[in-house]
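*Asks:* Take a look at this one; I'll ask things after.
We did not get these values from a lab; they are worked out from the coordinates using the rules stated. This structure is a prediction, so every number in the text was calculated from the model and none was measured. Cβ sites come from the backbone with ideal geometry, for glycine too, and all protein chains shown count toward neighbours.
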Amino acid sequence: MLEIWGRPYSSNVIPVIWTANELGLAYTLQLAGGSFGKLDTDTYAQINPNRMIPAIRDGDFALWESLAIVRYLCDRYGSGTLSPSDVQTRAVADQWMEWSASLAFTPVIQLFFATVRTQPNQRDSAKITALRDQAHKALSVAEGHLADRPYVCGDAFTMGDIPLGCVVYRYFTVEVDRPPLPNVEAWYQRLADRPAFQDHVMRHFGTNPDEWAALEEACASEGVL
Ligand SMILES: N[C@@H](CCC(=O)N[C@@H](CS)C(=O)NCC(=O)O)C(=O)O
């Protein structure tokens with residue numbers, strides 16, 4: 001059976017878990033990283049010599065790098081659906097995946113750490129506003145693209161929506177005033193109708209270290225989510 005190694009609150013693991021669930025794949029989640037450890041073991045080094053999460057094993061085949069894993073799963077199990085068969089449509093999916101992981105992810109994850117992962121009395125409001133502006137500027141590119149299509153590749157949901165969906169969930173859940181992005185918001189609502197997105201992306205991340213630890217403990221006691 002497919003194994004996904006990682007922890008389900010980790011920004012790079014969530015796209016992989018969401019993808020597997022969109023594809024309806026059976027898998028086991030091997031809790032690793034953060035308080036779950038295991039990354040320093042010899043076993044894990046065979047799977048990912050970078051000792052980072054996520055990684056997968058699909059039979060004898062091991063793979064790391066979250067977006068390579070998303071592409072592999074979609075190519076192998078969702079060819080013609082989540083992985084578009086038309087070369088140019090596929091290239092557009094790739095384009096948005098790469099863009100999401102670089103230009104959109106960076107300001108949003110920094111904003112997330114400056115808010116959700118920083119205690120209220122230690123938050124730097126000028127820094128938060130600057131990061132919010134950077135995130136908004138980046139997402140304005142998606143705003144233009146989504147003006148005349150429901151998903152990033154056109155009429156159908158594809159792997160091109162996956163990394164951006166994870167980024168936008170974080171952006172829309174941090175407690176900051178956001179200038180409007182109506183097309184991104186409408187696209188996000190389409191994602192929010194998807195059960196796999198609700199179950200694996202729309203997670204409550206915890207707003208203080210105690211809550212964060214409790215969430216990880218809850219994962220461990222659930223074993224496989
Ligand atoms: N580019 C890599 C980045 C992997 C990465 O930074 N993973 C982090 C978690 S998001 C990690 O392994 N951190 C150590 C840990 O969680 O213990 C990918 O997308 O897979």
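*Asks:* Counting other C-beta atoms within 10 Å, and keeping those with at most 11, which DSSP coil GluC sites (Glu not before Pro) do you find in segment 119-225?
*Replies:* Numbers: sites: Glu143, Glu175, Glu185, Glu211, Glu216, Glu217, Glu222; in loops: Glu175.
Those that pass, being in a loop and sparsely packed, are Glu175.
*Asks:* So, with +1 on the Cβ of K and R and -1 on the Cβ of D and E, and no other charges, what is the size of the charge dipole of segment 1-140 about its Cα centre, to the nearest 20 debye?
*Replies:* Approximately 520 debye in magnitude.
*Asks:* What relative contact order, as a whole-number percentage, does the chain give when Cα pairs under 8 Å and 6 or more residues apart are counted?
*Replies:* Relative CO of the chain lands at 23 percent.
*Asks:* Sticking with this structure for a sec: Specify the residue with the greatest mean-square fluctuation among Val92, Val16, Val201, computed from a Gaussian network of the chain linking alpha-carbon atoms under 10 Å apart.
*Replies:* Val92
*Asks:* Okay, moving on. Measuring from centroid to centroid over Cα atoms, what is the spacing of segment 117-185 and segment 47-110 in Å?
*Replies:* 20 Å
*Asks:* Suppose R0 equals 30 Å. What FRET efficiency, 1/(1 + (r/R0)^6) with r the Cβ-Cβ distance, do Ala68 and Asp148 give to the nearest 0.05?
*Replies:* The pair Ala68/Asp148 has a calculated efficiency of 0.50.
*Asks:* With a ≥ b ≥ c the root eigenvalues of the C-alpha gyration tensor of the chain, is it rounded (a/c under 1.5), prolate (a/b larger than b/c) or oblate?
*Replies:* oblate
*Asks:* Report Rg (one decimal) and Dmax (nearest whole number) for segment 87-193, counting Cα atoms only, units Å.
*Replies:* Reported Rg and Dmax, both Å: 14.1, 50.
*Asks:* Of Gly154, Ala186, Ser140, which is farthest towards the positive pole of segment 87-193's charge dipole, taken about the Cα centre with +1 and -1 on the beta-carbons of Lys, Arg and Asp, Glu respectively?
*Replies:* Ser140
*Asks:* Give me the number: length gained by fully extending Glu98 to Glu217, i.e. 0.36 nm times residue separation minus the C-alpha to C-alpha distance, one decimal in nm.
*Replies:* Using 0.36 nm per residue and subtracting the Cα-Cα distance, I get 39.6 nm.
*Asks:* Going by average Cβ neighbours within 10 Å, how do the peptides 64-76, 24-36, 153-165 rank, with the highest at the top?
*Replies:* For the peptides 64-76, 24-36, 153-165, the packing ranking is 153-165, 64-76, 24-36.
*Asks:* Additional query: State the extension gain, in nm to one decimal, for the chain segment bounded by Gln122 and Arg51, taking 0.36 nm per residue of separation less the distance between their alpha-carbons.
*Replies:* Contour length minus Cα-Cα distance gives 22.4 nm.
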